[in-house]
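Following: one structure in structure tokens, then a few remarks.
Every number here is computed from the coordinates shown, using simple stated rules; none is lab data. If you're wondering where the values come from, they're calculated on a predicted model, not measured in any experiment. In this analysis, Cβ positions are derived from the backbone assuming ideal geometry, glycine residues included, and neighbour counts consider all displayed protein chains.
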Amino acid sequence: MRKVKICDWPIFALLAVNLVAGWFLLPNYGISWDEPLFYDYAAHIGSAYSLQNLANASVPANAFGASSSDHQFYGPAYLLAAEPITKALQTAGLGLYQSWHWLNFLCFQVAVLCLYYLLLPSTGKWPAVFGAALMVWQPTLWGHAFINPKDIPFMAACLASYLAGTRALDAAQNNPPQRAFVWWVAFGVLLGLTSAIRVIGPLIGIVMLFDLVLRRQWRQLSSFFAAGGLAAAVMVAAWPFLWNDPVTNFIEVLRHMSNNPTELAVLYEGVVFRANAMPISYIPRMFLLMLSEPTWPLAALGVGALFVDVRNGGKLWRHATPVGAIFILLLAYILARRPSVYDGFRHFLFILPIVFMLPAYAAACVMRRFGPRPFTALVALALLPGLAGIYSTHPYEYNYYNQFAGGQAATLRRYENDYWLTCYQPALRWFAETYPGQPLAVQRELPLAKAYSLPIPLVHAGGVGSLERGSFLLTHVRANLDERSVYRNETVIQAFGLPGLDLCTIKQVK
């Protein structure tokens, strides 16, 4: 394991900048659609570990929160670890959702740090920092980092697990066996926790096995399988749903997640589809349109750098092949099996780090062949579009589309915008200040609006005739609801969103 040295200051400077910026931006982010029920799950899952329930080997019915039929399929490892920390943050003065947003954001910084240390042995310091910066300053990822308690922690856990595994293999080659043992234990524990966040976590074990085979470290097979056994034990311990029948329940989760039956409405290319009937081009196009413009050209250059390295007899390809193979295999699975897909590529954030590894390989090649000045120019040109995107789309960065989509405003009525309805925050605050005490009808996701706990009488908007003349209505553009609604012709009195892109509107019934 390479020790942290003073020369690592650039990555810690990057993290410090992110933390300062994130702290000041924290209050601006609204509550995402999935958060209220998910944090309710976090508040209840700890009850499964009471001495009485452990003694009886039973899981109480309410341990999975108000949405138990759904949340039992989501591993709670992150929630179990985060819940006491968020309570401490609330004691220190942060609100419930701001506490979670800050902790989610810290998880993203852990992912960035892990990416850096994965890149460092093969690219050197500055290209590794560049790869980390390119990832952390992606507008889409920056926005998710605050409001996504499902996919961001899983991405961080995947990277941490893989980093521990690579360190175990490195230590087995270069250091006394005792150090390799410590890293194998760390890998087993982290892999178990990763699998207890999402059932697809064991894929990291497959990546590690592939890495071991490429290195031909056959003597480490016994350590690898021992770590796998430890991971299985940790996963079961951290996931109460598995306790009664680990094998059967794990298979049930795997079956449910691989055949997600949701039929959510999704706007794509101007047409509203069902999530289980999306065109095959959906995920590839979202990958193309929701990352900053230089990302994919630089990734292509990174592939070229790998081929040059192979031709020159280098071993850089061994670092990229295991994770690259998983990216390709998962993309092939999506295209072949056509599972339900929605919310852009958020469910696949964990496979994105390879996309940012490739530009780091390209940058390392540029630095070696042409020196620091061309490298600096490459870095500036590559990072500025992402930073500009964060600035122009704040606080809806997760909703970012690049210029290949025609710009942000051009996506209205073409692709989904603010699918998690974070625009409710400014809309509800404006209404509470402008019409104090007046009731407001909410056309969709009334519980999300109530989560803000503002002094507004909130009611559900029904069909035609359910709202009296003069009533106020909150609606939004997800799946073009505002245009498809029976209230589509009512008068808009205030809109909220980005320049040229209204995300939420408050209307008054004629």
Across the stretch 182-330, what fraction of all alpha-carbon pairs, as a whole percent, falls in each successive 10 Å bin from zero upward? 9, 25, 29, 26, 10, 1
Cα-projected label distance for Gln438 with Phe370, points at 7 Å along beta-carbon direction, nm: 5.8
With Cα atoms, 0 to 90° folded angle of helix 203-215 axis to the chain main axis: 20
At 0.36 nm per residue, minus the direct Cα-Cα distance, what do His394 and Ser258 gain on full extension? Give it in nm, one decimal, please. 45.6 nm
Kirkwood estimate for the stretch 424-508, i.e. one over the average of 1/r between Cα atoms, Å: 12.9
In the stretch 301-338, which trypsin sites (Lys or Arg not before Pro) fall in coil by DSSP and have 11 or fewer other Cβ atoms within 10 Å? Lys315
Taking every pair of alpha-carbon atoms in the stretch 270-382, what share in percent sits in each 10 Å bin, from 0 to the bin with the longest distance? 13, 38, 29, 15, 5, 0
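Please compute the Kirkwood hydrodynamic radius of the stretch 163-258 from all pairs of different C-alpha atoms, in Å with one decimal. Present the calculation step by step, with values, prior to reporting the outcome.
Numbers: mean 1/r = 0.0729 Å⁻¹.
13.7 Å is the Kirkwood radius here.
Using alpha carbon coordinates only, what is the Rg to Rh ratio of the stretch 8-78, with Rh defined as the Kirkwood radius? Before the final figure, lay out the partial values.
Details: Rg = 18.1 Å, Rh = 15.0 Å.
Dividing the radius of gyration by the Kirkwood radius yields 1.21.
What's the exposure ranking of Ile506, Ile152, going from fewest to most Cβ atoms within 10 Å? Present the calculation step by step, with values, prior to reporting the outcome.
On the way: Ile506 22, Ile152 25.
With the fewest neighbours first, Ile506, Ile152 line up as Ile506, Ile152.
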How far is helix 125-136 tilted off the main Cα axis of the chain, in degrees rounded to 10, range 0 to 90? 20
Proxy exposure order for His319, His144 (fewest C-beta within 10 Å first) is His319, His144
Determine, at each q value in 0.09, 0.16, 0.18 (inverse angstroms), the log₁₀ of I(q)/I(0) that the Debye formula gives when each Cα of the stretch 363-480 is one equal point scatterer. -0.43, -0.87, -0.99
How far apart, in nm, are two points set 7 Å out from the Cα along the Cα-to-Cβ line at Ala13 and at Ser50? 5.3
Just order 362-373, 86-97 by mean Cβ neighbour count inside 10 Å, highest at the front, would you? 362-373, 86-97
With angles folded into 0 to 90 degrees, how steeply does helix 177-195 sit against the dominant principal axis of the chain? Use alpha carbons for both and round to 10. 20
Quick one: if the Förster radius is 45 Å, what FRET efficiency do Lys510 and Gln90 give, using the C-beta to C-beta distance and rounding to 0.05? 0.55
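Exposed loop GluC sites (Glu not before Pro) only (DSSP loop, at most 16 other Cβ atoms within 10 Å): please give the longest stretch of the chain free of them, not including the sites. Don't skip to the end; give the middle numbers.
Details: sites that count: Glu263, Glu269, Glu468.
Looking at the chain, 1-262 is the longest stretch - no exposed GluC sites (Glu not before Pro) with at most 16 other Cβ atoms within 10 Å.
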Using the alpha carbon gyration tensor of the chain, what are the three equivalent-ellipsoid semi-axes (square root of 5 times each eigenvalue), largest first, in whole Å? 40, 29, 21
